[in-house]
1. So, in segment A:88-108, how many residues would count as being assigned to a strand (DSSP E or B), more than 21 Å from A:E154 (Cβ to Cβ) and open to solvent by 10 Å² or more (accessible area, probe 1.4 Å)?
2. Working carefully through the options B:L685, B:L630, find the one that is surrounded by 15 or more Cβ atoms within 10 Å (Cβ to Cβ) and at pLDDT 80 or above.
3. Mind checking which residues of segment B:496-510 are among the aliphatic types (A, V, I, L, M), in contact with a strand residue (DSSP E or B) (Cβ under 7 Å, 6 or more places away or on another chain) and open to solvent by less than 60 Å² (accessible area, probe 1.4 Å)?
4. Do you know which residues across segment B:77-99 are facing chain A (nearest Cβ under 7 Å) and among the small types (G, A, S)?
5. Check whether at least one residue in segment A:155-177 is open to solvent by 10 Å² or more (accessible area, probe 1.4 Å) and within 23 Å of A:W96 (Cβ to Cβ), and report yes or no.
6. With B:R438, B:R469 as the choices, which residue is open to solvent by 20 Å² or more (accessible area, probe 1.4 Å), assigned to a helix (DSSP H, G or I), farther than 30 Å from B:L696 by Cα and not polar (S, T, N, Q)?
7. Which one of the conditions (1) among the aliphatic types (A, V, I, L, M); (2) part of a helix (DSSP H, G or I); (3) over 30 Å from B:R785 (Cα atoms); (4) touching a residue at least 60 places away in the same chain (Cβ under 8 Å) does B:L759 fail to meet, given that it meets all the rest?
8. Can you report the number of residues in segment A:228-273 which are assigned to a strand (DSSP E or B) and hydroxyl-bearing (S, T, Y)?
Amino acid sequence: MNVKALLLALLLPMQAVAQGFAGLGAAVDDFAVPLPGRALEFPADHGAHPAYRIEWWYLTANMTGPDGTPYGLQWTLFRSALAPQDGEGWETPQLWMGHAAVTTPEAHVVAERLARGGIGQAGVVADPFAAWIDDWAMEGPDFDNLRLRASGAEFAYDVALTATGPLIRHGQDGYSVKSAAGQASYYYSQPFFDLKGTLTLPEGAVPVTGRAWLDREWSSQPLAADQTGWDWFSLSFDTGDKMMGFILRGDTDYTAATWISADGQATPYPDGAFAAAPLAWHEVAGRRVPTGWQVRLPDRGVDVTVTALNPDAWMATSVPYWEGPVTISGSHGGVGYLEMTGYDD
Amino acid sequence: MSIGLNGAILSALASHWWRNPMQLLTLLAGLALATALWSGVQAINAEARASYDAAAATLGEGQFAQITARDGGAIAQETYVALRRAGWAVSPVVEGRLDGVRLIGLEPLTAPGGLGPVRADSGADLGAFLAGAGQIFAQAETLARLPDTGAQGVASPDVAPNTALTDIGLAQRLLGRAGQIDRLIVAPQQPLTRVPLAEVAPDLIQSAPQDGGDIAQLTDSFHLNLTAFGLLSFAVGLFIVHGAIGLAFEQRRPMVRTLRALGAPLWRLIALMAVELAVLALVAGLIGVGLGYVIAAALLPDVAATLRGLYGADVAGQLSLRPAWWLSGLAIAVGGTAVAAFGALWSLARMPLLSGRQARAMGMGRSQRVQSVAALVLLILSGGLALWGQGLVAGFVMLGALLIGGALALPPLLARGLMLAEARARRPVAQWFWADTRQQVPGLSLALMALMLAMAANVGVSTMVSSFRLTFTGFLDQRLASELYVSAADQAQAEAIIALATQEAQAILPLLSTDATVAGLPVQIYGARDHATYRDNWQFLQAEPSVWDALARGEGVLVNEQLYRRAGLDLGAMVPVGAGVTLPVLGIYGDYGNPIGQVIVTEDLFRAQFPAITALRFGLRTDPARVDPLRAALRERAGVPETAMVDQAAIKAMSLAVFERTFTVTTALNVLTLAVAGFAILMSLLTLAAMRLPQLAPVWALGLTRRRLAGLDLIRAVVLAALTGALALPLGLALAWALLAVVNVEAFGWRLPMYLFPLDYLRLGLLALLAAALAALWPAWRLSRIPPAQLLGVFRHER
């Protein structure tokens, strides 16, 4: 059995393009559906929501080494439910998938882990916070002080994260609409982590410092049937302000954005306020992917060029996508992360 | 008009078969038998491969390192989770019997790639496999034997027989072993950082991937035998078909001439004859594939038993109809007919409009010369390839040239031999007998060639299999001289084994080895203790005098045949051993079934050169009767698990059982090919019977009775078979040599010594004589009963 191919077909049951990237447009069945007006509760909502089909704990970081070399790292834990229950033992229908990557200007190394829920191999506990799969973990006494670890055949990292600002709720207090048809997810972020730690690369250990951004999202049907993928930007400007924006590509594109001021005030922007257009395309893993973008949020005077640090930051995982650090120039300077899904070969 | 013409030509063509039903039968039967042998052998091969592909897929864990409990018991599920959380990429397996069926539980998310029951392209659904009532994958007959588990049964021909695969959670529940794991498969790729096994789970030990080299090569060799047999059988059949088609065309020459004189265009005649042959080939092919199925079904239980011996796994003893070999059987029948008919159609196309019956008879002398030249060219080509050829393809081309050249050389050699006999004959009847025999050689030559190929194939393949057996069992005796082999998990256990064996065993031989590079090739360097075990048992392909004494003094090294051949390290060549030490080759030993090179040095030298390496494997010498107590002592007092001990007698018994099965199959195929050749002789004799009357009638008129004539015919068949057999023996031995010394070297990297088995050849010769005599019996009986009026008719004017 080709486990990886199976997973592609099954872990995220994608049966047709019409159901969106990685099956995220699949029917809801018995799963719970995000509703507007539900206030997020912490620390409980840091934990898992097994009644929803899909959920992730998604951390990206822009870092520099002692010689000024820029680095990027990613740590993601996905939860995917075959049925809306949780429990003990192998029968538990919760599946877990971890993705970790380190990006340098020259290299991009990736690792993936898969695990069953219910036996202790992977899971998330809200308080004290712990999210883990195998030896990978993001855990700490509370959500503001975390230790993050992962290892692959070619790399490992172990870094400390300290929050210096508040949690940010996207959309309507965390209810983030994803299409004109009303598909939505719960979505909040912690974009204010200071990072300090060590990357272990084939060349040796590298001490790094930088900034990290953690995204939390869960839903049961986050995509509309016609939506085939998305381009997602998390940008940290030199001014201390930050911006999250995405385009969901479908029959008509759907965009949304959140402006996060340096003092932690969040302002959501509805469909159409945010715009991004490809400037440069790059071929990686047999696909053409836009790795240079013009990104605009006119309401905040943002008109910047976003360029990949390493255009080969392809995540050759069960469900493949592009994810890597970017640099920002134009009306604002800064660094950030770009995620692009649904670019089929 | 056109349809009318086609119809007329077709009915004229068909009328030949109506008048000569025996010829039609020969053609169909020859082609069908050839196809049957080919497709039967292919079916056995395909089934065998499919069976152990399935076995390998099911038992494919062997390719990975494994972690088991030191005491051989179960591993707690918490230990598995602890290992995963310590960075170990391991996957759990639980196994047990459920109503006699071997039930294996796997964890598909962590299992290394390629391992497990489900194929993505078969529309499998991981959701159904993991959640809800679950799924069980097995062959349909295995599913039928399972109790009702509530899980969905999925028929999967790729799972090994009597084995069922399911998710570990369901397997634990069905086996009543919640929370228990039997072993952990270690993925080949591990993370950069992980905690040592001894810190996470001191009760577990890791074992290296199984080295399946010997068995893989044994089975490869088994398949090479079968494939060679299949090809040779088909070649035998091809000669029959060639003969039958040639005869049919020859006899229809006057009819073709008449049709053309009546205005039928040549190209249309040829096209219609080709269509006619294609239809006959398809019919014969279908019959042949069906017959092949019967042959395969009859032989398969033995093949299955062979494979069960090899893998210790269940292998289906039943054939499933695979479209691939139905199609390949039909293709080979049609293709073979095309090859056989090409010459006949070609000569028809070039036939002058008014050519007469004599055309062929006159051309006979010339065509025999052409045949002799072709035979010579092919044999020279074969010899050239044997000397200078490179690669497996050259090896097979050489085999083909040898066989066809040998077959083509048969009629001229027979004619020469019979001429000699004729010259020595004094009495008139004897003189006539030899002359008449020689005169019949052209008509019988194709059948005799078929007989010769069948005999040569049998001599060749039997010699190869028997030589392989002698060599391999000798090699096992040499290599497995110690009564018991023990692997230690770590240094502490190694010391415990040494302490125990020093008291309980007669001798302890540490097996020290390290990887190195010699002449750019990967090799293993072994340190051998100077002990009578080696001196008494090891045989060399080449060696200096008193090689063991010189080795013990550290004056040189031994290398295996693979290294000798690949790196060209002859006796005296210098081999680097560790840092700054280079020693000459003292001896070269056969090392069958090992893919890479080996260098053996003395134990002292090894320990001096590689002080960091300590022995974890040991050969223990003891009284064979003491093996079991020694095993028990090692298990109980040194904590060595059963899986870490190998009993030499068990390995030998298994290997010999495999060879016995191979022989059964080989013998059965021997008899079948001879039967096909015998059939070819029968058909040729029946065809010749009518044509020979003009030659027999005068001898009868001179006073030889019909009984006497029939008796002489019988003797003639036996004499021809004996002569053919005498010529087939060198050809068969050349074939065996080619298989052992050329094809085997190219395929596996080592050369098998060739042994001769005169008694086997004698038995085979007698079988061939018997086949020929049986084939001649009916024509002879018919001759003894022929009405005198028919013989007299020869002298009538209007014959």
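The values are calculated or read from the model by the stated rules, or taken from the named source; none is laboratory data. Just so it is clear, the model here is predicted, and its values are computed rather than measured. Here the Cβ positions follow ideal geometry from the backbone for every residue, glycine too, while neighbour counts run over all protein chains shown. Please note that ligands, DNA and RNA were not included when accessible areas were found on the heavy atoms of the full protein model with its side chains. Shrake-Rupley method; radii C 1.70, N 1.55, O 1.52, S 1.80 Å.
1. Keep residues of segment A:88-108 that are assigned to a strand (DSSP E or B), which gives A:94-103, A:108.
With more than 21 Å from A:E154 (Cβ to Cβ) added as a condition, the list becomes A:94-96.
Among the residues that remain, those that are also open to solvent by 10 Å² or more (accessible area, probe 1.4 Å) are: A:96.
Qualifying residue count, segment A:88-108: 1.
2. Checking each option against the conditions leaves just B:L630.
3. B:I497, B:A501, B:A505, B:A507, B:I508, B:L509
4. B:A86, B:G87
5. Step one: list which residues in segment A:155-177 are open to solvent by 10 Å² or more (accessible area, probe 1.4 Å), which gives A:158, A:160, A:162-167, A:169, A:171-173, A:175, A:177.
Subset that is within 23 Å of A:W96 (Cβ to Cβ): A:158.
Yes, the conditions are met somewhere in segment A:155-177.
6. Result: B:R469 is the single residue among B:R438, B:R469 that is open to solvent by 20 Å² or more (accessible area, probe 1.4 Å), assigned to a helix (DSSP H, G or I), farther than 30 Å from B:L696 by Cα and not polar (S, T, N, Q).
7. (4)
8. Summing the residues that are assigned to a strand (DSSP E or B) and hydroxyl-bearing (S, T, Y) in segment A:228-273 gives 7.
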